[in-house]
Structure formats: C-alpha cells, structure tokens
Amino acid sequence: MYCEKIAALSAAVEKNLTRVIFGKEEQIRFVLTALLCRGHILLDDIPGTGKTTLAKALAKSVSADCRRIQFTPDLLPSDITGINYFDQKKSEFVFRPGPVFTNILIADEINRTTPRTQSALLECMGECQATVDGVTYPLEAPFLVIATQNPIESQGTFPLPEAQTDRFFMKLSLGYPDPASERSVLSEYGGASPLDALRPVCTKAEVADACRAVNAITVSDRIKDYIVAIVNATRESDRLRLGASPRGSLSLMRASQAWAAMNGRDFVLPDDVKRVAVPVLAHRVLSRSQNTIRITDSNEIIISYIVDTVPAPIE
C-alpha cells in the first residue's frame with residue numbers, strides 16, 4: 001500500500017515538473033529518487049539548461065522553501081551557515097541563520113568558491129545540521145542540496161575534493177534539449193514563465209512520510225550481494241584507480257529502493273539497481289586517464305560496462 005502512495009506522489013510531482021522542464025523525464029525521475037532518499041544532487045552542466053528552474057520547480061511542487069547561494073571566491077563559511085551578532089537592544093548575542101536553513105538549497109557554481117567555504121556544507125549535507133560557534137542547529141526536513149557547476153570553464157575554479165564529491169547522492173546532467181523540446185521552451189516561455197503558475201501537488205510532510213516508507217522496501221540478500229559485486233568491481237577494475245566507497249554501496253541500495261517504490265513495487269529487482277547505478281556511482285570513481293578529480297564522461301562509460309558485465313541474480 002505504501003509503495004502505491006509513493007508511486008502516486010512521485011508521478012504527481014513528475015507531471016508537475018514536466019510543465020516547466022521539457023524533454024528531461026529521466027533526469028526528473030532521478031531527482032525525485034534523490035529526494036526520496038534524502039540525498040543531494042550535483043548538476044554538472046553548461047549554463048542555461050534549466051538547472052535553477054528545476055530546483056525552484058521542485059520546491060514549489062512539494063510546498064518547500066527554496067534559497068539560493070551564488071558561490072564566489074570571496075564567500076565565507078559564515079555566509080552559508082549564519083553568524084552570531086550582538087543585539088544592542090537585548091544586550092546579548094543572537095544567532096542569524098544563513099541561507100542553508102531551508103528545504104531546498106541551490107548552491108550555484110559551487111566550484112567557484114574556496115575549499116574552506118565548500119567544506120561548510122559537509123556537515124549540513126551529511127548530518128542535516130549546522131554548527132556555529134560550538135552550537136549545533138538542526139536543519140528542517142526535507143533538506144536537499146542541489147549544487148551546480150560548469151564543466152567547461154576551469155579558470156578561477158576550485159574542483160570539489162573527493163570527500164565532498166562523495167557526499168552527493170547523484171551526479172546528473174540535463175544537457176541540451178532535443179529540437180521538439182526546445183520548440184516547447186520557446187512557446188511556453190515566450191510570455192509569462194510557467195514556473196510562476198506552478199502549484200504544489202503535495203506537502204513537505206507527505207514527502208517526509210514517503211522518505212521513511214522507502215526504507216521499508218525489501219532488498220533481498222541476493223540483491224545486496226549484487227550491489228556489493230558491482231561496487232567491488234569498481235575497486236578491482238584496471239580502468240579505475242579509485243573505486244566507489246562503502247557510502248556508494250549504501251547509496252546504490254537506497255536509490256534502488258526508491259526506484260522500485262516509484263514503480264509501485266515493494267521489492268527491488270536487478271533492473272532497479274542497473275537503472276540507477278551510473279548516476280549514483282560515476283562521480284565516486286576516478287579513471288586512470290584522469291589527472292584531477294574532475295569528472296569525465298569516461299566514468300559513466302566504465303560504470304555502464306561494469307554493470308553490464310557483473311552477473312545479475314536471475315531468481
């Protein structure tokens with residue numbers, strides 16, 4: 001019963017998002033998968049493909065708050081988490097929350113700020129909390145970071161360290177729309193933006209309930225062994241110099257659970273694992289041809305090859 005509710009909720013949100021993002025149904029489903037798993041998303045794409053619009057549309061669809069941070073080289077950690085300032089009227093220090101205290105945070109061009117500021121998001125992403133001057137403040141659920149970066153420009157950027165890249169549940173790319181979808185963009189955005197007319201289709205409480213229900217999706221021992229075999233193959237591949245971490249194994253299992261639930265099933269199939277393996281694992285590995293930790297398309301090709309060659313359970 002709960003999987004049917006998850007399928008209905010995700011279908012409603014997906015339909016809502018397709019009113020403003022055209023021709024990207026697969027990417028939208030991956031975003032919903034991350035949302036149901038309380039995961040964070042790294043959108044690695046060129047400017048103007050709808051990354052910010054997607055995040056704002058998702059927030060509107062689930063009645064969530066959304067805030068945006070433009071990352072620049074002079075941005076400080078306190079600009080993200082907040083500060084304690086002295087209130088002269090009260091004669092005491094008062095905490096002023098930063099933009100991270102929201103439901104959906106758009107971290108625009110995250111690779112344009114320094115590693116010190118990038119690391120300010122680590123605790124927020126990993127533990128849904130922020131610590132300022134020794135005091136820990138919880139973040140409201142659902143909490144989702146959608147970070148963007150431009151894969152073309154490298155001047156003046158600070159590539160994300162491996163520890164932070166691994167914190168992202170999925171790495172996605174919207175890419176250029178096909179001609180028919182781009183024609184729809186011209187028609188729909190010629191006047192008022194369809195984003196302005198978008199209405200919520202569910203509440204934050206319903207999303208939170210769906211997130212908890214995803215954990216109840218059955219993952220058999222054979223499926224768990226299959227997930228472990230795929231991740232272990234990334235560590236043994238002669239085409240990779242760094243395989244996926246145990247966090248990658250856990251993320252792959254959770255993504256498979258969410259994908260199964262979105263399809264109305266209360267159990268995971270090998271096809272669910274295959275479907276989500278590339279966006280979950282590709283950014284967690286380093287190919288031998290890479291000189292830096294920037295992600296290349298070859299990682300996706302290698303993960304696809306591994307998934308195709310690791311035997312799937314047939315029963």
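The values are calculated or read from the model by the stated rules, or taken from the named source; none is laboratory data. Fair warning: this is a prediction, and the values are worked out from it, not measured in the lab. Because the Cβ atoms are built from the backbone with ideal geometry, glycine has one as well, and the counts that use them run over all protein chains shown.
Per-structure values
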item	result
Given (1) at pLDDT below 90; (2) basic (Lys, Arg); (3) outside any loop (DSSP other than H, G, I, E, B), index of the condition Lys90 fails	(3)
Complete set of residues in the range 22-48 that are farther than 22 Å from Cys124 by Cβ, under 17 Å from the mean Cα position of the chain (by Cα) and surrounded by 16 or more Cβ atoms within 10 Å (Cβ to Cβ)	Lys24, Gln27, Ile28, Arg29, Asp45
Hits in the range 137-157 - residues which are surrounded by fewer than 19 Cβ atoms within 10 Å (Cβ to Cβ) and under 15 Å from Ile80 (Cβ atoms)	Tyr137
Single match in Ala55, Ala59, Ala64 (criterion: touching an Asp or Glu at 6+ places or on another chain (Cβ under 8 Å) and of a type in the set (Gly, Ala, Ser))	Ala59
Test: residue in the range 279-291 that is modelled with pLDDT under 95, of a type in the set (Gly, Ala, Ser), in contact with a Leu (Cβ under 8 Å, 6 or more places away or on another chain) and closer than 14 Å to Val307 by Cβ	no
Test: residue in the range 156-165 that is aliphatic (A, V, I, L, M) and closer than 19 Å to Leu43 by Cα	yes
Identity of the residue in the range 158-167, part of a loop (DSSP other than H, G, I, E, B) and not charged (D, E, K, R), that ends up surrounded by the fewest Cβ atoms within 10 Å (Cβ to Cβ)	Pro161
Residue count, the range 1-21 (criterion: out of contact with any Gly (no Cβ under 9 Å at 6 or more places or on another chain) and in a loop (DSSP other than H, G, I, E, B))	3
Near pairs, Cβ below 9 angstrom, 6+ apart or cross-chain, from the range 206-235 (over 25 Å from Val285 (Cα atoms)) to any residue that is of a type in the set (Asp, Glu)	Ala216/Asp266; Ile217/Asp266; Thr218/Asp266
Unique match (being assigned by TED's automatic domain parsing to the domain that holds Gln27, closer than 23 Å to Arg96 by Cβ, in a loop (DSSP other than H, G, I, E, B) and in contact (Cβ under 8 Å) with a residue 40 or more places away in the chain) among Ala130, Ala141	Ala141
Per-region count, the range 102-136, residues over 17 Å from Pro161 (Cα atoms), among the hydrophobic types (A, V, I, L, M, F, W, C) and surrounded by 19 or more Cβ atoms within 10 Å (Cβ to Cβ)	4
Conditions (1) touching a residue at least 12 places away in the same chain (Cβ under 8 Å); (2) surrounded by 13 or more Cβ atoms within 10 Å (Cβ to Cβ); (3) of a type in the set (Asp, Glu): number failed by Asp178	(2)
Unmet criterion (only one of (1) under 23 Å from Thr165 (Cβ atoms); (2) not in a loop (DSSP other than H, G, I, E, B)) for Ile46	(2)
Leading residue by the ranking (nearest to Ile104 (Cα to Cα)) among those in the range 59-82 that are under 21 Å from the mean Cα position of the chain (by Cα) and in a helix (DSSP H, G or I)	Ala59
Residues within the range 59-79 that are in contact with a Phe, Trp or Tyr (Cβ under 9 Å, 6 or more places away or on another chain) and not charged (D, E, K, R), tallied	1
Filtered residue count, the range 168-190, keeping only those that are under 23 Å from the mean Cα position of the chain (by Cα) and in a loop (DSSP other than H, G, I, E, B)	7
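Yes/no matrix, rows are residues, columns are (1) part of a loop (DSSP other than H, G, I, E, B); (2) at pLDDT 90 or above; (3) among the basic types (Lys, Arg):
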residue	(1), (2), (3)
Gly23	yes, no, no
Arg29	no, yes, yes
Gly39	yes, yes, no
Thr52	no, no, no
Ala57	no, yes, no
